[in-house]
Amino acid sequence: MSDYKIIFSGPVGVGKTTAIGAISDVEPVTTDEQATDMARTQKPGTTVAMDYGMIKLGERERIHLYGTPGQERFDFMWEILTQGGIGLILLVSNNRPDPFHDMHFFLDTFKAFIGNSKVVIGVTQMDLADKPRIEDYHLQLEDSGVKIPIFEVDARMKNDVSLLVEALLYSLDPGLEG
Amino acid sequence: MTKPPSVPIRMAAIGMDQRQRNALRMLFSTKCGNRYVLMEEDSSEICILDLDAFGGERLWEEFRERHPQRPLILVSLRAREASDDFTLFVQKPIPVDRLITAIEHQRRHLSAKNEDVAHLPPLDIQPPLAEQAGQPEIQQPRKQHATRKAASLMSESMERAFVGTSPNIDPKDPEQLAKIYYNPEHYLQGHLQQALNLAVRHNKDIAVEGPWPAIHLFYESRKIRVSAKERQLRPYCTIPDATLEVPLRFLDQEKNSADGAREYSIAAFHWQLALWASRGRLPIGTDLSQPIYLRRWPNFTRLVVTPYALAIAALWAEQPRSLVDTAQTLNIPQRYVFAFYSAAKAIQLAGETRRAVDTLLAPSAVEKSKHHGLLGRLLGRLRGDKEQT
Ligand SMILES: Nc1nc2c(ncn2[C@@H]2O[C@H](COP(=O)(O)OP(=O)(O)OP(=O)(O)O)[C@@H](O)[C@H]2O)c(=O)[nH]1
Ligand SMILES: [Mg+2]
C-alpha cells in the first residue's frame, strides 16, 4: 500500500473542510467544534485540529487529504502535517478583511515545503465579494518569479476543487499525459 | 572590467512589461552582483528602452525629449543605428555579457558626464553573425497519444467546435503552413476586441449588435450579456466577415434582457469567441518557432477548458517554448496547442516572447515527477468523477 498526502491550508473559514469533503471518497473526518466566538465566523464549526479526507486509487494507493486548522495558533502542527506531502492547496477568501496578507502569510509559512513541491491557490467566496480580482492576486506575486495557478473557486463545487487539484498535478509534472 | 562601484547604478527599463523587468532584476542580482538596480525612470541614471514595445519608436522620441542627454541603451530584434552619443544599440536576443558591456560603457559615460563625452572609444556590440538558431526538426510523435477521453471532459462535438480537427502540419511546408492561420480581425472575436478598446477608451458600455444575438458589454462590471443561447450565437462567431460594416455603438441604458440571456465575464466570453473562431488555428503572423510565454495561469475554473490546456499552461509557466516544441514535448496534436494559444492570446495571457533570455536559452527537457504514475492515476480519477456528474 502506498500513501501520499496533499495538504489544504489557509485562514479560518475559507472553505478547507468543505473542499476536502467535495473530493474525498470517504466521509471526511473533521475535528470541528463549536467555538465560543462563532458569531465571528458565522458558520457552524471551525476546525480545531485538522481535516482528513482520502481518495482511493485502486486497491493499492491512497491520497490522503489533510487540512490544517484555520486558526493560526495551531501552527506547530503544520510542519508535521506537511511531511511527505506532494503539494499544497492554499485557499484564501475574498470575503476576509485582508486576503493578500493571508496569501503572503501562508506562502511564507509553507515556504520550505513549497520550495520542494508546488502550490496552487484557490480564491473562495468571490460570489460574496467580487474584489480583489484574480488578476490582483497575480499582481501581488508578480515579483516572486514563479507562476502559481490562482483560480476562482467555490469550495462547495466539486469541479472547482478538482480543477485546482489537477493544476497542482500538472505543475508537479506537465507531461502527465505524455 | 572596472571594479564594482560601491553604489549600484540606477537603471530603468522603458517599454518593458513586468515580466521583462523581472528578468532584468534577476539578471542584475544573480549575474551582476547587484552592481545595477532597477528603478523608475525618474530616479534612474541609465535607461534601457525596448524598441519592439508597442509604440517603441514614439517611446524613444519622447524619452529623448525628456532627457536629451541621459545614457540610453536601445534594444530591438532588428538592427538599428544609434543616433547620438548618448545612445547605444544592442540587438536582441541580448547576450548577457553584451548588455553588461553596454551598461559599463554608459557608466563611464556617466562619470565622464561633465567632460567631453565625444572622446569615448567606439564600442563594438553587434552580435556575431553565426548565431542563427536552426529551425526545430519536426519529428513523428514518439508514441500514440493518450486517449482523447482521458484528456478531455469535452464531448466530441464540443471539441470539434472549440479545437477543430486539423492534422499536424510540417512548418517547413508552405502549403500546409498556409492552412493554420486565421485573422481574428475578420471574426466576431475581432469585433469584440474593438468594442473592448472602445469601452476602455471612453469608459462606457458598448452594444455589439448585428445580425447575431445582441451582445452587450458592461465595462465597469467586466460583464457581457448575450441575448440568446450559445448555439444561436456560435454560427456568427465561426464565419469570417460577419461583422463587415456593422458599427459599434454606446449603450446608453440597460435594456431588459431577453429570455435565455446569458451572462459571462468579459474574459470568459472573449476566450470562447477566440476558440470558436480559431478552431485549432493560429492568429495570422504567429511564428511557430518563437518561444511562447504565459503571462499568468488562466482562471481555468471560469473558462472553457480545452483538452491538454492545463498541461500546456504548466509547461509554459515553467519556461517559454515554441508552439511546435510544445506539441512535441507533450506528445499531443498541434491543434490543441494552437487552440489554447489563440484563446490565451486573445485575453493577453500569452504571446510570443520578446525577452532576451527567452530566445537566448533553449528550453530544457521536462522532468518527470518521481510520482508520475500516481499523479496520472489521480488525474484520471478526478476526471472520471467529473464525467459522471
Ligand atoms: N458563498 C460561498 N460560501 C463558501 C464558498 N466556499 C466555501 N463556502 C462556505 O464557507 C463556509 C466555511 O467553510 P469551511 O469549509 O468550514 O471553512 P474552513 O476553512 O474549514 O474553516 P476553519 O476550519 O474554521 O478554518 C462553509 O459554510 C462553506 O460552505 C464560496 O465560494 N462561496
Ligand atoms: Mg475547517
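The values are calculated or read from the model by the stated rules, or taken from the named source; none is laboratory data. Just so you know, these numbers come straight off a predicted model, no measurement behind them. Heavy atoms of the whole protein, side chains included, go into the accessibility calculation; ligands, DNA and RNA do not. Shrake-Rupley method; radii C 1.70, N 1.55, O 1.52, S 1.80 Å.
In the full protein assembly as shown, how much of B:Ser43 is accessible to a 1.4 Å probe, in Å² to the nearest 10?
Surface accessible to solvent at B:Ser43 totals approximately 50 Å².
Interface size between chain A and chain B, please: total buried accessible area, 1.4 Å probe, rounded to the nearest 100 Å².
4100
Of A:Lys118/B:Lys172; B:Lys92/B:Lys370; A:Lys147/B:Lys92; A:Lys16/B:Lys204; A:Lys147/B:Lys172; B:Lys229/B:Lys345, which pairs sit farther than 29 Å apart, going by alpha carbon to alpha carbon?
Over 29 Å apart, Cα to Cα: A:Lys118/B:Lys172; B:Lys92/B:Lys370; A:Lys16/B:Lys204; A:Lys147/B:Lys172.
Per residue of the range A:109-126, what does 6.51 cos²θ - 1.76 cosθ + 1.60 with θ = phi - 60° give for ³J(HN,Hα)? Whole Hz please, x for Gly and Pro, Karplus curve as stated.
Result, rounded to whole Hz: 4, 9, 3, 5, 5, 4, x, 9, 9, 9, 10, 10, 10, x, 9, 9, 6, 6.
Can you give the accessible area of A:Ser117, probe radius 1.4 Å, in Å² rounded to 10?
Here the residue's solvent-accessible area equals roughly 20 Å².
Express in nm, to one decimal, how much length is gained between A:Asp25 and A:Ser144 on full extension, taking 0.36 nm for each residue of separation and deducting their alpha carbon distance.
Working it through step by step, the gained length comes to 39.3 nm.
In whole Hz and in residue order, list the ³J(HN,Hα) couplings for the range A:127-135 that follow from phi through the Karplus curve 6.51 cos²θ - 1.76 cosθ + 1.60, θ = phi - 60°; x for Gly and Pro.
Per-residue couplings from phi come out as 6, 8, 9, 8, 10, x, 7, 4, 4 Hz.
For the range B:181-279, with all protein chains present and a 1.4 Å probe, just round the carbon and sulfur fraction of the accessible area to a whole percent.
For the range B:181-279, the apolar C and S fraction of the accessible surface comes to 45 percent.
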